[in-house]
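Note sheet for the following structure.
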Amino acid sequence: MSNLFENRIVRPVRIVTDNLTFDGLLNISLGARTLDELNLTSRPFLVLSNPVLQSGTWDMDEGSVVINKSFITFVLEIPDLGAALAKVAEEPEMRRFARAALRLRTRDHAIEGYVHSGPGSSSLVRLNQATHPFIALQSATVKGPGGEFGTPFLAVNRAHIVSAQEMFNVSAVPEEVAAASGDASS
């Protein structure tokens, strides 16, 4: 759940690295998204307020912590700090947007989720768009150390993706054209 403070949004997130997992509050500019903050290359470190170490070992003192973005495996938005995550069975709205289901592998995690894709484009080609270090997945499931969970939003660091496979791709154009023409048989 996001909170608004002085033209900024404070969003609870969980950050997973190879050895440490943190929950904390991410301070984002008003109108921006978590993905925008992660892909902002002018700031190589992510600042977390009220950090809580969820896994791994590190003697932390009180106060904010900064995390080098290049070591982040993935980030997910969570309902609150310390939230227990479970597997989610909901499917995304497939008709409105062109989406592709991807299966990704990082060193320690198997990830499946949906990525937006433009008409006629390949989701796997999007992985090569190095201008943004993180790629967003919706309705993602993650299996790895600590169990399996689902999340509506997951940002994966492209540098930590070992392999990827497109499971299927849904083009929004035919459904939208049929809906606009009133053709209910499609």
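Readers should treat all values here as calculations from the given coordinates under stated rules, not as data from a laboratory. Computed from a predicted structure; not experimentally measured. Neighbour counts are summed over all protein chains in view; Cβ atoms, including those assigned to glycine, are modelled from backbone coordinates with ideal geometry.
Computed from backbone phi with θ = phi - 60° and the Karplus coefficients 6.51, -1.76 and 1.60, the 3J(HN,Hα) list for region 150-158 is x, 8, x, 9, 9, 10, 10, 6, 4 Hz; x is used for glycine and proline. Annotation: peptides 20-27, 58-65, 131-138, ranked by per-residue average of other Cβ atoms within 10 Å with the highest first, follow the order 20-27, 131-138, 58-65. Other residues within the sphere of radius under 12 Å centred on the Cβ of residue 39, judged by their own Cβ, net out at +2 (K and R +1, D and E -1). Using θ = phi - 60° in the Karplus curve 6.51 cos²θ - 1.76 cosθ + 1.60, the 3J(HN,Hα) couplings for region 74-84 round to 7, 10, 10, 7, 10, x, 6, 4, x, 4, 7 Hz; x is entered for Gly and Pro. Under a 5 Å amide H cut-off, with hydrogens placed 1.01 Å from N, residue 33 pairs with nothing among residues at least 5 apart or on other chains.
Taking amide H as placed 1.01 Å from N in the peptide plane, the amide H of residue 18 sits under 5 Å from that of 73, each at least 5 places away or on another chain. What FRET efficiency would be calculated for the residue pair residue 83, residue 124, taking the C-beta separation as r and a Förster radius of 41 Å, to the nearest 0.05? Efficiency at R0 = 41 Å is approximately 0.80.
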